[in-house]
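What follows is a single structure, and I will ask about it in a moment.
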Amino acid sequence: MDSQFNIQGGFDAAAQAQSSNVNAESSPWSSSAPWPAAPRHPPGGRRGRFPVKKRATPAVKRGLHAFCADGDVSQVINLLRSFEYQRPAAPPESPAAVSGAAEEDVDDDLRSPLLAAADGAHVHVVRYLLEFWFRDRVDAALRVDLGLAAARNGSLDILRLALDDDPSHQSCHQERRGVSRAEMAVFGASVLPAAVEHEDMVRYLLSLGIDPNSGLNPSEAQGQERFNYFSTTALYAAAARSTPRVFAMLLGAGARLQNAYPLHAAAGAPATLSSGGDRIPMMSYLAHDLGLDVNAFDDGTVSPYAWGTPLHHAVAGAHVDRVRWLLANGADPTLRDQFYQRPLERTSFGLGDQEIGELIRAAGER
């Protein structure tokens, strides 16, 4: 009996164990049940917002660049969804880099198309690329490039996108994502002088607290200090290319006239500049409203082509109308520059210089 009972008990124990195993295998909460294997990703593939199929070929990249330059946002989206591109590496201080989400491929296939869209003032393409592909991978250099592109085409929206301040949103992205003070300083020193022809851009940049006296030192002269906090670059740019109203805005934001020679910059500004042709209103504002001396000598930093009085600068640029205005407003044609040359001695006697020579001789005879 004992052996029969033991045998039957063994069968019962085995059956119970088998039942337990079956229940364990069928229960998704059982700790002994194996979990499904993680899905396998193709080698070199990346997890992104859109599924990727294959690496973009050079022809596809050229097509993407063309669509971005043309502003065809639908074609841009289609190409980005269909092919895999190398994205920019996250800046060291960004959340993506801190969390280890930076990708192995650091060559950037999308930077050039992004800048092409910015140059074309295609706001929707720029917004899409920044929002869905760059995200927190925008470094200081790319911000500056976007800002310079915006200054070239006059797009305030792209200028704001460069600083994560999307004009289509109610709140400012700068507060949400964060643009560091160092990045903002570099951006302002680089972009403000380039944007002086656009009053709305200047007003926006100054509203962010950008210092109009801050400029970047040349790389070979930087040494330990990257910034020049007594820069006159913005004032000279406004004098050469912008309006008295913008110049007054810079002064109102704290730009210093001390040791600056904007009248010289206006007198010698190349006429080929988009707003450099008619500098008489600016020169009149500087001389009459601000009281700048028409016979003052500069320090040699205004232009590589002239040194001396505003008349020296106007003559060096062969600007007949400016020479005439300066002479009519008290410019002395007998003053000599640091090389002991009078304005007339700097002329090359081209077609325009003949008239300038006659004007200066007539003024000297009075």
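Starting from residues that are of a type in the set (Gly, Ala, Ser) and either at pLDDT 95 or above or in contact with a helix residue (DSSP H, G or I) (Cβ under 8 Å, 6 or more places away or on another chain) (or both), keep the ones in segment 55-89 and report whichever is surrounded by the most Cβ atoms within 10 Å (Cβ to Cβ).
Ala56
Moving on. Determine, yes or no, whether His173 is at pLDDT below 95 and in contact with an Asp or Glu (Cβ under 7 Å, 6 or more places away or on another chain).
Answer is yes for this residue.
Going by what's in this entry, would Ala363 be described as among the small types (Gly, Ala, Ser) and modelled with pLDDT of 90 or more? Break it down into steps so the answer makes sense when it comes.
Details: among the small types (Gly, Ala, Ser): yes; modelled with pLDDT of 90 or more: no.
Taking the combined requirement at face value, the residue does not satisfy it.
Right, Ala195: among the hydrophobic types (A, V, I, L, M, F, W, C), out of contact with any His (no Cβ under 9 Å at 6 or more places or on another chain), closer than 20 Å to Val144 by Cβ and at pLDDT below 95 or not?
no
The values are calculated or read from the model by the stated rules, or taken from the named source; none is laboratory data. What you see is a predicted model; the values in this text were computed from it and never measured. Reconstructed Cβ throughout: ideal geometry from the backbone, glycine too, with neighbour counts over all protein chains shown.
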